[in-house]
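This report refers to the structure that appears directly beneath it.
Any read-out appearing in this document is the output of simple, stated calculations on the displayed coordinates, not a laboratory observation. Since this is a predicted model, take the numbers as computed values, not measurements. Every residue, glycine among them, receives a Cβ derived from its backbone with ideal geometry; neighbour counts consider all protein chains shown.
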């Protein structure tokens, strides 16, 4: 299929982009990497009158260390995140997720911020952001504001970005001593959207668990945290009994959807499988 007719405008600066969004309102869409947008255009699931291209705006791409965090520009290509030594060192959860995002051709063009802003509940990076306690930096004509990742995702393809605003960067806290990250997803083929996936970020001291964040993707209409199950880890060492209790807790805590790939009960079962396969090796088992 072919997209409906649309106009194309290349923004030269953020102010230029804000002016274009204000002028065209709901009839405009931001064009970043375009890997999701072009598909929806071609299938006519969206039909904007104007595409506002932000690819040439200075300062929206790049990875830099800012004290105790990594600041990843929204226009940073997936491949640059994937190959970044700073991400591998300071945000290993994101580094582990990158190879699972679609395929190399998509990662060469797709952007870190685009994946976050699109807010597909089956995508890897939104769940990583929530698990790591990332901060989203949003800019608009009236100024800038920061939103915690836990508050950023508001529903199916819905975020805290308001009309006329643009996600400019994401700040990810650097991993600290004693913390480990684990990533695992189950998909029919590598590169497909996951049937269900897990981002785990846990404090481990000699094999004993402390605080933990367990965040699942494709388990709801946004990244889904499991705080009640994570609380069962505190003060515990890994064992088959603990694994079984975690799996049982997830069946009560999660309420995943049914679709053509799996129903809710299957996803609940697979969530328990992911926890066992992820946390056991992290604890040294």
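Extent of segment 7-53 along its three principal axes (Cα atoms, max minus min coordinate, largest first): 31, 19, 13 Å.
Among 8, 157, the order by Cβ neighbours within 10 angstrom, fewest to most, reads 8, 157.
What percentage of all Cα-Cα pairs in segment 179-282 are separated by more than 19 Å?
Values: 1945 of 5356 pairs.
That fraction is 36 percent.
For the chain, the 222 nm mean residue ellipticity estimated from helices alone, with every DSSP H stretch of n ≥ 4 adding -39500 (n - 2.57) and the total spread over all residues, rounds to -9500 deg cm²/dmol.
Fewest Cβ neighbours within 10 Å first, please rank 36, 115 accordingly. Please list the in-between numbers first.
Details: 36 20, 115 25.
Arranged by neighbour count, lowest to highest, 36, 115 become 36, 115.
Under a Gaussian network description of the chain, with springs only between Cα atoms under 10 Å, the residue in 88, 149, 200 that fluctuates furthest is 88.
Treating each Cα of segment 1-97 as an identical point scatterer and summing with the Debye formula, the log10 of I(q)/I(0) at q = 0.14, 0.16, 0.22 Å⁻¹ comes to -0.65, -0.78, -1.04. Principal-axis analysis of the Cα atoms of the chain puts helix 14-24 at an angle of about 70° to the longest axis. The share of C-alpha pairs in segment 63-173 whose separation exceeds 19 Å stands at 38 percent. The value obtained for segment 222-285, namely the Cα convex hull volume divided by the number of residues, is 85 Å³ per residue. Going by neighbour counts of Cβ atoms within 10 Å, the residues 186, 60 line up, fewest first, as 186, 60.
Along its three principal directions, the equivalent ellipsoid of the chain from the Cα gyration tensor extends over semi-axes of 34, 21, 16 Å, largest first.
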